[in-house]
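*Asks:* Take a look at the following structure, please.
Just so it is clear, none of the values below were taken in a lab; they were calculated from the coordinates. Computed from a predicted structure; not experimentally measured. Reconstructed Cβ throughout: ideal geometry from the backbone, glycine too, with neighbour counts over all protein chains shown.
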Amino acid sequence: SRTSSDLREALVRDQFHLVYQPIVELATGRIRKAEALIRWQHPQRGFISPAEFIPLAEETRLIREIGGWVFERAVEQVAAWQAAYGADFQISVNKSPLQFKGDEDWVGYLVGLGLSGHSIVVEITEGLLLDADEQVSNKLLAFRDAGIQVAIDDFGTGYSSLSYLKKFDIDYLKIDQSFVRNLAPDSSDLVLCEAIVTMAHRLGMQVIAEGVETREQRDLLSAAGCDFAQGYWFAKPLSVADFETMLAKVG
Ligand code: G
Ligand code: G
Ligand code: MN
Ligand code: NA
């Protein structure tokens, strides 16, 4: 179709770029990770949101090539930022379920560049784990063996099943923005955030809150024991140059 050839052309013509949203460690206020988010600047149609083109990329299977491109850029970026900000700096990348169906050697690519697996966090959604077949399970085991960490994105919105938390080795739960948006003292959202943090910690996981837009939300999450947060209160997704400027200022 017209749009799938547009997507292919976007890859060839270098119309994609990544922006990076800081992820802040709440106990210290320091930026210790960044989430890589893809952007498409089309020469005629202008900015096209990933919410629009990622589903299309999945339908047309171009997601594998686009995902490979994202992963390679993110790995190169984390290598540069570890040199500047320390070897424990991490970049997280979003991966949709179809990206677990190919035979890309993500671990090999990292190791080939001399990076430790710990440099990368892979964000997946609950749905992937609910229908996990052997191929998915093997990829997750390969991540664990290599030290690549795994985060559940949009946690709490997908399915009510929690049984996959027993079956797979998950490092982070990312509290979905919908629980953060109306966070207030005495709100049911606060009870849910506290419960997610307690459960995560007792299962050996850490928690990243998304969509933090106000000081009050940050303070409530911090008091609830949440480990990390991201959102417009700290910074929107930034270009590489703006990210580096911010890190130079706030560390
Ligand atoms: O960047 P933005 O906040 O507009 O993201 C919109 C959606 O697109 C989110 O669900 C996000 O996870 C997804 N997304 C952004 N970048 C990528 C990517 O590189 N790969 C995949 N699979 N999804 C992405
Ligand atoms: O599905 P995922 O969590 O990967 O998507 C992240 C999306 O949330 C991106 O589109 C990003 O631009 C957006 N985002 C990041 N921080 C905030 C925030 O503080 N408020 C809102 N409304 N959106 C945010
Ligand atoms: Mn995400
Ligand atoms: Na999310």
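*Asks:* So between Leu113 and Asp14, what do we pick up on full extension, going 0.36 nm a residue minus the alpha carbon distance?
*Replies:* Extending this stretch completely gives an extra 33.4 nm.
*Asks:* Of Val24, Val111, Val197, which is the most mobile in a GNM of the chain whose springs link Cα atoms less than 10 angstrom apart?
*Replies:* Comparing Val24, Val111, Val197 in a Gaussian network model of the chain, the most mobile one is Val111.
*Asks:* For q = 0.10, 0.12 Å⁻¹, what log10 I(q)/I(0) does segment 2-250 give under the Debye formula with an equal point scatterer on each alpha carbon and no solvent?
*Replies:* Rounded to two decimals, the profile gives -0.48, -0.71.
*Asks:* On to the next question. How large is the dipole of segment 2-250 about the Cα centre if only Lys and Arg carry +1 and Asp and Glu carry -1, each at its Cβ, rounded to the nearest 20 debye?
*Replies:* 320
*Asks:* Arrange Val121, Val136 by Cβ neighbour counts within 10 Å, fewest through most, would you?
*Replies:* Fewest to most other Cβ atoms nearby, the residues stand as Val136, Val121.
*Asks:* Please state, to two decimals, what the Cα-based radius of gyration of segment 125-232 comes to when divided by 2.2 N^0.38 Å (N = residues).
*Replies:* After normalising by residue count via 2.2 N^0.38 Å, the value is 1.10.
*Asks:* At a threshold of 8 angstrom on Cα-Cα distance, excluding pairs fewer than six apart, so keeping six or more, what relative contact order does the chain reach in percent?
*Replies:* Averaging sequence separation for qualifying contacts and normalising by length gives 19 percent for the chain.
*Asks:* Between Ala80, Ala51, Ala184, where does the largest GNM mean-square fluctuation fall for the chain, given springs only between Cα atoms within less than 10 Å?
*Replies:* Of Ala80, Ala51, Ala184, the Gaussian network model singles out Ala51 as fluctuating most.
*Asks:* For n ≥ 4 DSSP H runs only, could you compute -39500 (n - 2.57) per run for the chain, divide by its residues and tell me the 222 nm figure to the nearest 500?
*Replies:* Calculated mean residue ellipticity at 222 nm is -13000 deg cm²/dmol.
*Asks:* Still on this structure, I have one more. Hey, got a sec? Which trypsin sites (Lys or Arg not before Pro) in segment 70-149 land in a DSSP loop and have at most 16 other Cβ atoms within 10 Å?
*Replies:* Lys101
*Asks:* So how tilted is helix 2-12 from the main axis of the chain? Cα-based, degrees 0 to 90, rounded to 10.
*Replies:* 90
*Asks:* If you don't mind, there's one more thing I want to ask. Would you mind computing, in nm to one decimal, how far apart the modelled labels at Ala83 and Trp69 are, each placed 7 Å from Cα along Cα→Cβ?
*Replies:* Each label point lies 7 Å from its Cα, and together they span 2.5 nm.
*Asks:* Here's something else I'd like to know. How much length is gained if the chain between Asp145 and Arg61 is pulled fully straight, taking 0.36 nm per residue apart and subtracting their Cα-Cα distance, in nm to one decimal?
*Replies:* Stretched out fully, the Asp145 to Arg61 stretch lengthens by 27.5 nm.
*Asks:* By how many degrees, 0 to 90 and rounded to 10, does the Cα axis of helix 188-202 deviate from the longest principal axis of the chain?
*Replies:* Rounded to the nearest ten degrees, it is 80.
*Asks:* Something else now. Count the lysine pairs in the chain whose Cα atoms lie under 23 Å apart, taking only pairs 8 or more positions apart in sequence or on different chains.
*Replies:* 19
*Asks:* As I understand it, the value is the acute angle between the Cα axis of helix 240-250 and the longest principal axis of the Cα atoms of the chain; what does it come to in degrees, rounded to 10?
*Replies:* Once rounded, the angle reads 20 degrees.
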